[in-house]
2 protein chains.
Amino acid sequence: MYRTHTNGELRISDVNQQVTLCGWVQRIRNLGGMTFVDLRDRYGITQLVFDTEKDKNLAQDARALGREFVIQVVGTVAERSNKNSKMPTGDIEIIVQKLNLLNPSDLPPFTIEDDTDGGDELRMKYRYLDLRRSSVRRNLELRHRMALEVRSYMSAQNFIEVETPVLMKSTPEGARDFVVPSRMNPGQFYALPQSPQLFKQLLMVAGFDRYMQIVKCFRDEDLRADRQPEFTQIDCEMAFVDQDDVLNTFEGMTKHLFKVLKGVEFDYAFPRLPYAEAMEQYGSDKPDIRFDMKFVNLTGKVSGKGFKVFDEAEYVGGICAKGCSEYSRKELDQLTDFVKKPQIGAQGLVYIKCGTDGTFKSSVDKFYSEADLKQIASMFGAANGDLILILAGIRKKTLTALCELRLEMGNRLGLRDKNKFAPLWVVDFPLLEWDEETQRFYAMHHPFTSPKKEDVLLLDTDPGSIRANAYDLVINGVEIGGGSIRIHNDDLQQKMFKILGFTEQEAEDQFGFLMNAFKYGAPPHGGIAFGFDRWVSLFAGIDSIRDVIAFPKNNSGRDVMNDSPSTIHENQLKELNIKLDLSEKK
Amino acid sequence: MYRTHTNGELRISDVNQQVTLCGWVQRIRNLGGMTFVDLRDRYGITQLVFDTEKDKNLAQDARALGREFVIQVVGTVAERSNKNSKMPTGDIEIIVQKLNLLNPSDLPPFTIEDDTDGGDELRMKYRYLDLRRSSVRRNLELRHRMALEVRSYMSAQNFIEVETPVLMKSTPEGARDFVVPSRMNPGQFYALPQSPQLFKQLLMVAGFDRYMQIVKCFRDEDLRADRQPEFTQIDCEMAFVDQDDVLNTFEGMTKHLFKVLKGVEFDYAFPRLPYAEAMEQYGSDKPDIRFDMKFVNLTGKVSGKGFKVFDEAEYVGGICAKGCSEYSRKELDQLTDFVKKPQIGAQGLVYIKCGTDGTFKSSVDKFYSEADLKQIASMFGAANGDLILILAGIRKKTLTALCELRLEMGNRLGLRDKNKFAPLWVVDFPLLEWDEETQRFYAMHHPFTSPKKEDVLLLDTDPGSIRANAYDLVINGVEIGGGSIRIHNDDLQQKMFKILGFTEQEAEDQFGFLMNAFKYGAPPHGGIAFGFDRWVSLFAGIDSIRDVIAFPKNNSGRDVMNDSPSTIHENQLKELNIKLDLSEKK
């Protein structure tokens, strides 16, 4: 027994108790003949006191300690004269009688405090020190509690967690697979799962009915800021369900998690917004509905006044920013610059100021009279003091740009509070996406997603307009999860493969075992998968998933702490029947 | 809503209720004008009734159903005239009014019953059908409940589950790694973890204090009957602990699991048996102590009577089988054949029959008088009616052979009841094992295991005799888990690497990041890892881990269901900067 208590545990009621504590030296202060040491562990900080007058040698030993030394002390709990109400242990301190140095420490490369002086790279290289900071540790504690809650809640709903294989079959559809050469099967490879999709559908065929798994998935993609080659999903599937059953079940789970982990209760059903409406109202399939500011479509309603930009645009639309009519020239220029950034790509920005005095001013005064402007403002339901911002151009591009502008205005107006949560379901996604480059349809969700019953007939005539039984859970503009009702009918699945351009042989090679399984009584089924890392970071109130992952990789997929990936021995390669082929890299 | 109830749910109190059920057709019986269908799902079986006289078309549809068809029925709950007390739903049946065929089924390749006619290979190929059998499904339900219990119990003990990376660094020590070529880092590879050992030690350095994870691990070994290339561990680590703290903590977990999952309560502390005693008493570091029958060491105590085999043996020892003195010639020959099997390797078997009449008979009567035999029998504490079985030879080999003989006698005497559980800790394992072939020491547990304090001085003089702070949890002769207190001192760790024959450069290359971490205040720490698959199978009362894994691989590491591993496209190889090298296989 190295300790009797943790450093977050002792209170005023423990005064006079003899205790043994262990931990890391957070800070040392010498005040006259007294030395104060803040002793830290995962549970908190406790103040230790060494008095030169009482024990000179002991106090000397204490002064010789350094930051992050690991020590064990025996002492007596005493009431502090100078209490610290900010710390749970702030009422007491430990009068130390015995000090045992368990391990010294080199000077850490950055300070281990909530606000650290360590840059990202240094923090990642010394991640084990970074993890000592309570801000980072708290994120992982939240992650732990969240996983536990998901599991116990789902289990109470009769879901059973089944571990699916990590070493599985490579399926070229979708993102790039990570592969694993098989020594015992020369020339052959396993793939790491991009998701357990096929296995969870097989579990439905197997009658498992309600499956869930918190599971690592892998995608060999070029990494953007907030992607990781390995990430964690809450993966779920249900049999004998339609779309409403799935949404209701996981809305229940979502509400439970909000309640238990964030203390937030939703006493209403989450909105269910069809994809087409989401695009029309917010220009996005993951709208942030913490604030309103819906798009108003002006296409065709503002033409004929000689303003070519509006007259010729495929789409004209705008938003109304409450109380912004007094924006300065500079502010409006900033917004114009914002929408003209290459990644947003608008040509320009039209504004209408609805003055507090009832006047209207606009950047297109030349073409639109005050009466015209007033009429446009009325389409927005604008009040005196509001600012209307309008974009025009190719429909798809303009919707996206207007979406970005709306979010920017949300930020400027403080409407995107991290402590406010606005979940919704986006439903009725298109089944297929046409790809101009390869001149073929791709499954928007995946090839097993079922079309809406009422749209099935369009499969032969107009596949692009078919809506799918596919849905996303969106919270605060972030896609937290997505899923679909699957095809459970072999004929329909074959038809889908055909539309997606698979030859019969290709479909057989890649999905034959699933299609074969479907011949033996596949129940109707559907499911959903949630991005666990993303959800934890949403709850943690941070933007990057990196800080909710214990040992993340950098943008080149490297773990800078242990310097991996790394080269392997020649004989390992030989055993695996592979050779390096770096010719093109030379 | 496809159904109002499951097939395990309806009782006599539900009579007259209108219900909708879904499931698979388990069996159809036609009795006169009545058709009975057993409808199955994960929750049970409910009997459906179709009456030709009431609805001819409906009954005809029912007769056209086949095994494993997926159907939905609407009907009324009725009391059965012919109740089946073996089924929870056996008091009722459903008078069906509406039948909806959700999906037909081809004839399954084997019958989906607890006792199936499907051989192993067929069952694995159609695993999704095999999983429909309740005997297999129950194993996975047990696995699910067990994982949940481990997590909630450990979380209540302040353990936090941390996900460690799957894509990590290859470390050649230990078994063979599975590796993953990195596309973004040409010529470099990730390795899949054989265990998260290094990461969990880093988490201790990071102050996480109590870590646990139920985690997939990977070993590229030639597979024996009961090995899988991917397997699951309950991986745990604690800081500020000594060996007793670890054993007490996980003895608590073990007792909890037994209580909750098996209804077995242990009101005593598990025995803690030093490795040396386990070898001396049972010839094994994983003794089955459901029964006693300890070895009696006769070395030096039975020599000098002219029996060369005993006189010249390094070790002579035996066991006493209660009540077996009347074993026939044939039975004794069987036992002799058993110990002479090549995999056991004894040269012969000496027996002493302690007759019920007080006489002694033996296979070495020629050398030992009845008085001699009586004296030997007294060393075993043998009673009238007992049978003593003795082996002699090289110590290590003979202990192992005697261990096998003991287990065989335990089987013959019915002393190895699957419903009885006898856990123990084996402690004080040797730190090092000498390997004759490579003429070097290997770490018996792993290179981070700490030597016992009192043995540290032997590091320079007699490393082979050092005992480690290493321990195994053994239940019914099966190693369920093992761990150790780790070295947390950099100097001692360097010394260990040296003894294990690492050059400084090799140690630095492979474990440099851990050694570096240890410089910044590593706390004393230790841990344990349990074989989750093995533990579930112990609780399920089955011998193979394969049936507690949803989608296991065969002995060649293949998933015969989806026929993986498989070849991958040439352009995938190219992107990964590798080439196949099958030259030697041609």
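Overview of values
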{"quantity": "Region B:59-92 - residue that is farther than 18 Å from B:Glu113 by Cβ, without any contact (Cβ under 8 Å) to a residue 60 or more places away in the chain and part of a loop (DSSP other than H, G, I, E, B) and, of those, nearest to the other protein chains (Cβ to nearest Cβ)", "calculated": "B:Ala64"}
{"quantity": "Criterion violated by B:Phe266 - all others in (1) out of contact with any strand residue (DSSP E or B) (no Cβ under 7 Å at 6 or more places or on another chain); (2) open to solvent by 70 Å² or more (accessible area, probe 1.4 Å) satisfied", "calculated": "(2)"}
{"quantity": "From the options B:Gly541, B:Gly501, B:Gly557, residue that is in contact with a strand residue (DSSP E or B) (Cβ under 7 Å, 6 or more places away or on another chain) and either more than 12 Å from chain A (Cβ to nearest Cβ) or at positive phi (or both)", "calculated": "B:Gly501"}
{"quantity": "Out of B:Asp472, B:Asp417, sole residue that is farther than 30 Å from B:Met238 by Cβ, touching a residue at least 60 places away in the same chain (Cβ under 8 Å) and not assigned by TED's automatic domain parsing to the domain that holds B:Cys354", "calculated": "B:Asp417"}
{"quantity": "Test: residue in region A:99-106 that is part of a strand (DSSP E or B), modelled with pLDDT of 95 or more and surrounded by fewer than 14 Cβ atoms within 10 Å (Cβ to Cβ)", "calculated": "yes"}
{"quantity": "Pairs where the first residue, in region B:545-573, is of a type in the set (Ser, Thr, Tyr) and the second is open to solvent by 10 Å² or more (accessible area, probe 1.4 Å) and assigned to a loop (DSSP other than H, G, I, E, B), C-beta under 6 Å, 6+ apart", "calculated": "B:Ser556/A:Met184; B:Ser564/A:Lys169; B:Ser566/A:Lys169; B:Ser566/A:Gln188; B:Thr567/A:Gln188"}
{"quantity": "Per-region count, region A:177-189, residues under 28 Å from the mean Cα position of the chain (by Cα) and within 7 Å of chain B (Cβ to nearest Cβ)", "calculated": "3"}
{"quantity": "Residue that is most open to solvent (accessible area, probe 1.4 Å) [pool: residues in region A:153-175 that are more than 7 Å from chain B (Cβ to nearest Cβ) and modelled with pLDDT under 95]", "calculated": "A:Gly174"}
{"quantity": "Filter result (surrounded by fewer than 20 Cβ atoms within 10 Å (Cβ to Cβ), within 14 Å of chain B (Cβ to nearest Cβ) and among the small types (Gly, Ala, Ser)) within region A:1-51", "calculated": "A:Gly8, A:Gly44"}
{"quantity": "A:Ser325 vs. criteria within 30 Å of A:Val478 (Cα to Cα), touching a strand residue (DSSP E or B) at 6+ places or on another chain (Cβ under 9 Å), of a type outside the set (Asp, Glu) and part of a loop (DSSP other than H, G, I, E, B)", "calculated": "yes"}
{"quantity": "Which listed residue, of B:Phe208, B:Phe218, is within 27 Å of A:Asn554 (Cα to Cα), open to solvent by less than 10 Å² (accessible area, probe 1.4 Å) and out of contact with any Phe, Trp or Tyr (no Cβ under 9 Å at 6 or more places or on another chain)", "calculated": "B:Phe208"}
{"quantity": "Every residue from region B:332-362 that is assigned to a loop (DSSP other than H, G, I, E, B), touching a helix residue (DSSP H, G or I) at 6+ places or on another chain (Cβ under 8 Å) and farther than 17 Å from B:Asn411 by Cβ", "calculated": "B:Gly345, B:Ala346, B:Gln347, B:Gly348, B:Thr359"}
{"quantity": "Residue within region A:74-84 that is under 20 Å from B:Ala239 (Cα atoms), of a type outside the set (A, V, I, L, M, F, W, C) and in the same structural domain as A:Met34 (by TED's automatic domain parsing) present", "calculated": "no"}
{"quantity": "Region B:392-432, subset open to solvent by 20 Å² or more (accessible area, probe 1.4 Å) and of a type in the set (Val, Ile, Thr), residue farthest from the chain's Cα centre (by Cα)", "calculated": "B:Ile394"}
{"quantity": "Number of positions in region B:363-390 that are buried (at least 16 other Cβ atoms within 10 Å of the Cβ), over 38 Å from the mean Cα position of the chain (by Cα) and outside any loop (DSSP other than H, G, I, E, B)", "calculated": "4"}
{"quantity": "Qualifying strands (runs of 3 or more DSSP E) (wholly inside region A:130-232; at least 1 residues being free of Cβ contacts under 8 Å to residues at least 24 places away in the same chain and of a type in the set (Phe, Trp, Tyr))", "calculated": "A:189-191"}
{"quantity": "Output for region B:563-585, where each listed residue is more than 13 Å from A:Leu582 (Cβ to Cβ), of a type in the set (A, V, I, L, M, F, W, C) and more than 7 Å from every other protein chain (Cβ to nearest Cβ)", "calculated": "none"}
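Results for (1) part of a loop (DSSP other than H, G, I, E, B); (2) in contact with a Phe, Trp or Tyr (Cβ under 6 Å, 6 or more places away or on another chain); (3) of a type outside the set (Lys, Arg); (4) under 23 Å from B:Met146 (Cα atoms), shown as yes or no for each residue.
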| position | (1), (2), (3), (4) |
| --- | --- |
| B:Glu251 | no, yes, yes, yes |
| B:Asp267 | yes, no, yes, yes |
| B:Glu280 | no, no, yes, no |
| B:Ser284 | yes, no, yes, no |
| B:Pro287 | yes, no, yes, no |
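The values are calculated or read from the model by the stated rules, or taken from the named source; none is laboratory data. Keep in mind the model is a prediction, meaning the values are calculated, not measured. All Cβ positions, glycine included, derive from the backbone under ideal geometry; neighbour counts span all protein chains shown. Just so you know, the surface numbers come from the protein's heavy atoms only, side chains and all, with ligands and any DNA or RNA stripped out. Shrake-Rupley method; radii C 1.70, N 1.55, O 1.52, S 1.80 Å.
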